[in-house]
Every structure is written in C-alpha cells, then in structure tokens.
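Mind looking over this structure? Questions follow.
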Amino acid sequence: MDQTDVGKVSRLAERLACHSCDLVFDISVLDDGESASCTRCGEFLTRYRADELERVIAYSSAALILLGLACSYPFMSFKSSGLESTMTLPQTALNLWHYGLPGEALLVGAFIVLIPGLVMLLMLMLAIALVLEKHYRWLRPVGRLLFTLQSWCMVDVYFVGVLVSLVKIGHMATVIMGLSFWAYAVFSLLFVLAISVLDRVQCWHRIEVLSRP
Ligand SMILES: [Zn+2]
C-alpha cells in the first residue's frame, strides 16, 4: 500500500444512500463527532469519530477480560434456612440442561456468553486490522459475521432479567452478589459501548478501501 492509499483509509466515506428512501448524501463533510440523518425521512445514516477504532479496541479487549472473569468466579449465592447455594454464570445454562431443558440451556449459553464473547473477539480483530491498515482475506467475512451476530446478542436483556428476578428472590432468600455478577455488569456496559461506537458505514468503507487491489 502506498502513501495515497493510506490517506484514503482514514478519509470518510463520501456518498451514501438512505436505507429507507434511497436519497443520496455526501457525508464526507462530517467533522469528528458529527452524525448524519436523512433530510427526507429522518433515518440515521452514519456517525464519524476520528478515534472510533481505538475506542472499539479498548472497549472490546476490556470486555473480553471481564467476560473471562465473569465465567470464572461465583455469580451469586443464596442463603435460606441455613442452606447456601452458589451459582456461576455457566451454571445458569447447565442447570437448565440438568432440568431436562437442553434447548433452553443452549440458547441461554449462546446468547449470554458464547455469541457476545465471539462478537467482542471479532470486533477486536477487525478494529486492530483497520487501525494497522492491513488487508486480510478474512476482513469481509468477519465484518459480515460481526454485524449479523450483533442483533443476536442479549447481554443487556439478560442483565435486566437478572435484576428483576433478584427483586423477587430477595423476599425468599438472602442474595449475595459475587465477583462474576459485577464483572458481567461492567461487561454488559462495555459491550453496549463497543457496539454503539463502531459505525457500520465507516467500518465497511475502511474495509472496502483496504480490499482494493
Ligand atoms: Zn431517507
């Protein structure tokens, strides 16, 4: 890649058609932190941040570390009538399996740990490659997989569900939140931040420029 190509990578995507009404816009005039929406239908188009990829690397790498912690330590403990029970995050899915609900166990395991972890890993790989301005053959397939899987992650939904169930369980037993609970709470926050920072239009533009022969 010569110097001209390197300059192109850091430049904004120039023209973009609205997904809803196909009106075409010149979005190369956006400054750092500015976003664009369709003037005809109001559909969000794109947001440009100069440090977008660096933020994605920071959020996704920290999220992966916290997910590892969340899977390694007790999620929460219950105390009632002198009995104590401790549960880890993977056990929330394994318990469903033991109760004869293998489908639900697989879905819970996939949606709260496996897919979110894979999304963060793919996002980290992609952001590092784009920051280094290196072309790899896996850039396009990884980009497609990443943006497809994003809509199948239910990290925030799961965490809100846990909080709601805690209110109910709190009347029947003493609940102690473990290290994993707090790690997963911060992981959920970082996950949402990473997803919201990575702009699909800007990301695909960078991939397209790097993929040019
Ligand atoms: Zn529109």
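The values are calculated or read from the model by the stated rules, or taken from the named source; none is laboratory data. These numbers come from a predicted model, not from an experiment. Counting neighbours? That spans all protein chains shown, and the Cβs are built from the backbone with ideal geometry, glycine included. Ligands, DNA and RNA are stripped out before the accessible areas are found, and what is left, the full protein with its side chains, is counted by its heavy atoms. Shrake-Rupley method; radii C 1.70, N 1.55, O 1.52, S 1.80 Å.
So which residues in region 160-213 are open to solvent by 50 Å² or more (accessible area, probe 1.4 Å), of a type in the set (A, V, I, L, M) and part of a loop (DSSP other than H, G, I, E, B), if there are any at all?
Of everything in region 160-213, just one residue is open to solvent by 50 Å² or more (accessible area, probe 1.4 Å), of a type in the set (A, V, I, L, M) and part of a loop (DSSP other than H, G, I, E, B), namely Met172.
Moving on to the next point. Please list, ordered by first then second residue, the pairs with beta carbon atoms under 9 Å, 6 or more apart or interchain, first in region 51-75 and in contact (Cβ under 8 Å) with a residue 60 or more places away in the chain, second of a type in the set (D, E, K, R) and open to solvent by 40 Å² or more (accessible area, probe 1.4 Å).
Close Cβ pairs satisfying both conditions: Arg55/Arg49.
Suppose we filter Leu96, Leu45, Leu114, Leu121 for residues that are out of contact with any helix residue (DSSP H, G or I) (no Cβ under 6 Å at 6 or more places or on another chain) and either within 30 Å of Leu23 (Cα to Cα) or at pLDDT below 90 (or both); which single one remains?
Exactly one of Leu96, Leu45, Leu114, Leu121 is out of contact with any helix residue (DSSP H, G or I) (no Cβ under 6 Å at 6 or more places or on another chain) and either within 30 Å of Leu23 (Cα to Cα) or at pLDDT below 90 (or both), namely Leu45.
Among Leu89, Leu106, Leu83, which is the only one that is on the phi < 0 side of the Ramachandran plot and at pLDDT 90 or above?
After applying the criteria, what remains is Leu106.
A follow-up question, please. Hey, Glu84 hits all of (1) surrounded by 15 or more Cβ atoms within 10 Å (Cβ to Cβ); (2) touching a Phe, Trp or Tyr at 6+ places or on another chain (Cβ under 8 Å); (3) not hydrophobic (A, V, I, L, M, F, W, C) but one; which does it fall short on?
Every condition holds for Glu84 apart from (1).
Another question about this same structure. How many residues does region 16-31 contain that are open to solvent by 60 Å² or more (accessible area, probe 1.4 Å) and either among the acidic types (Asp, Glu) or more than 16 Å from the ligand (Cβ to nearest atom) (or both)?
Summing the residues that are open to solvent by 60 Å² or more (accessible area, probe 1.4 Å) and either among the acidic types (Asp, Glu) or more than 16 Å from the ligand (Cβ to nearest atom) (or both) in region 16-31 gives 4.
Taking region 32-81 as the search range and keeping residues that are assigned to a loop (DSSP other than H, G, I, E, B) and surrounded by 18 or more Cβ atoms within 10 Å (Cβ to Cβ), which one is nearest to the ligand (Cβ to nearest atom)?
Cys38
Just checking, does region 88-109 include any residue being surrounded by fewer than 14 Cβ atoms within 10 Å (Cβ to Cβ), in a strand (DSSP E or B) and assigned by TED's automatic domain parsing to the domain that holds Leu193?
No: zero hits.
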